[in-house]
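These notes concern the structure reproduced below.
The values are calculated or read from the model by the stated rules, or taken from the named source; none is laboratory data. Since the model is a prediction, treat every value here as computed from it, not as a measurement. Positions of Cβ are generated from backbone atoms using ideal geometry, with glycine treated the same way; all protein chains shown enter the neighbour counts. Heads up: the accessible areas ignore ligands, DNA and RNA and are worked out on the full protein's heavy atoms, side chains in. Shrake-Rupley method; radii C 1.70, N 1.55, O 1.52, S 1.80 Å.
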Amino acid sequence: MDKYLIAQWAKNLLNDDFFKEVIDNLKKEQISVIINTSAEECDRREDAYRHIKTIELITGHLEGLASETVITEKKWKIL
């Protein structure tokens, strides 16, 4: 698939209100797990933390894809 098409797809997805709401809700659910666990539930908190980091990894990857065309355009301007 063309890099421009992938970048545009990623931009559209990141700007989609439904997608943003889903990501926000997923993070809030995991934060709630962290906040509402007892002292003995270390494993659950660690899992929730890893889930948050995974969500951030995915959105970060999408942001990188979305900015790919901007990076390429700037690279050509420098040369």
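Laid out as a table, the results:
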item: Check on Glu46, among the charged types (D, E, K, R), more than 26 Å from Leu5 (Cβ to Cβ) and modelled with pLDDT of 95 or more; result: yes
item: Residue that is nearest to the chain's Cα centre (by Cα), among those in the range 13-56 that are among the acidic types (Asp, Glu) and open to solvent by less than 80 Å² (accessible area, probe 1.4 Å); result: Glu56
item: Matching residues in the range 23-52 - criterion: being of a type in the set (S, T, N, Q) and assigned to a helix (DSSP H, G or I); result: Asn25, Gln30, Ser32
